[in-house]
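Some notes on the structure that comes next.
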Amino acid sequence: MPALAAKKKKEARNLSLHNLHTDEKITLTYRIGDRYQRPAIHELSHFLRDYRTGDVTVMDPQLYDLLFHINNRLGDPEGIFEIVCGYRCPATNAWLRRTTYGVAAHSLHMTGQAVDIRHRDASSRRIRDTALALRRGGVGYYPRSDFVHVDTGAVRHWSN
């Protein structure tokens with residue numbers, strides 16, 4: 001058993017992402033065992049920047065764990081998430097609230113705790129169901145726009 005515990009502790013967690021707005025793609029190891037890899041966390045935060053302004057914030061590393069677990073539950077640990085929206089600076093969020101329906105005034109996108117996603121190999125409905133089953137944060141389902149919002153806030157869900 002000790003060998004199995006040591007092996008599990010050293011588990012590498014990888015993510016592959018495609019930013020739909022910048023067309024950037026990234027694949028990296030963001031965590032090994034229980035240690036987040038600082039350079040990878042910084043790279044992911046830049047990758048998920050507000051594409052409208054270029055503003056960057058440090059994204060919540062637990063968000064990456066959530067994506068990792070969704071991929072595993074989907075049965076596709078190397079699957080690629082398509083990023084619809086990552087970080088939003090307050091000015092972008094305010095502008096979206098004025099011009100778009102359903103944008104929260106205190107959106108967790110502004111604190112680096114939320115991402116809107118699609119998956120290359122799974123429907124948005126399946127992503128939603130998988131995220132709901134994890135019970136690890138908020139899950140918003142947007143079937144008309146074909147994306148799922150996931151965050152590391154309180155467990156809750158909605159559909160729009």
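The values are calculated or read from the model by the stated rules, or taken from the named source; none is laboratory data. Because the structure is a prediction, the values reported are computed rather than measured. Here Cβ is always computed from backbone atoms with ideal geometry, including for glycine, and neighbour counts include all displayed protein chains. With ligands, DNA and RNA removed, areas are computed over all heavy atoms of the protein, side chains included. Shrake-Rupley method; radii C 1.70, N 1.55, O 1.52, S 1.80 Å.
Quick one: Met110 ticks every box in (1) buried (at least 17 other Cβ atoms within 10 Å of the Cβ); (2) closer than 23 Å to Tyr51 by Cβ; (3) in contact with a strand residue (DSSP E or B) (Cβ under 9 Å, 6 or more places away or on another chain) except a single one, so which number is it? Among (1) buried (at least 17 other Cβ atoms within 10 Å of the Cβ); (2) closer than 23 Å to Tyr51 by Cβ; (3) in contact with a strand residue (DSSP E or B) (Cβ under 9 Å, 6 or more places away or on another chain), the lone unmet condition for Met110 is (3). Would you mind telling me which numbered condition in (1) open to solvent by 20 Å² or more (accessible area, probe 1.4 Å); (2) closer than 18 Å to Met59 by Cβ; (3) more than 16 Å from the chain's Cα centre (by Cα); (4) modelled with pLDDT of 95 or more Gly153 fails? If we test Gly153 against (1) open to solvent by 20 Å² or more (accessible area, probe 1.4 Å); (2) closer than 18 Å to Met59 by Cβ; (3) more than 16 Å from the chain's Cα centre (by Cα); (4) modelled with pLDDT of 95 or more, just (3) comes out false.
In the stretch 52-65, what residues are open to solvent by 10 Å² or more (accessible area, probe 1.4 Å), within 25 Å of Ala122 (Cα to Cα) and either free of Cβ contacts under 8 Å to residues at least 60 places away in the same chain or in a helix (DSSP H, G or I) (or both)?
Quick first cut of the stretch 52-65, residues open to solvent by 10 Å² or more (accessible area, probe 1.4 Å) only: 52-58, 60-62.
Next, from what is left, pick out any that are within 25 Å of Ala122 (Cα to Cα): 60-62.
Listed by number, the residues that qualify are Pro61, Gln62.
Candidates in the stretch 72-107 are the residues that are touching a His at 6+ places or on another chain (Cβ under 8 Å) and of a type in the set (Gly, Ala, Ser); of these, the one that is surrounded by the fewest Cβ atoms within 10 Å (Cβ to Cβ) is Gly79. The set of residues in the stretch 8-47 that are open to solvent by 100 Å² or more (accessible area, probe 1.4 Å), touching a strand residue (DSSP E or B) at 6+ places or on another chain (Cβ under 8 Å) and under 17 Å from His69 (Cα atoms) comprises Lys10, Thr27.
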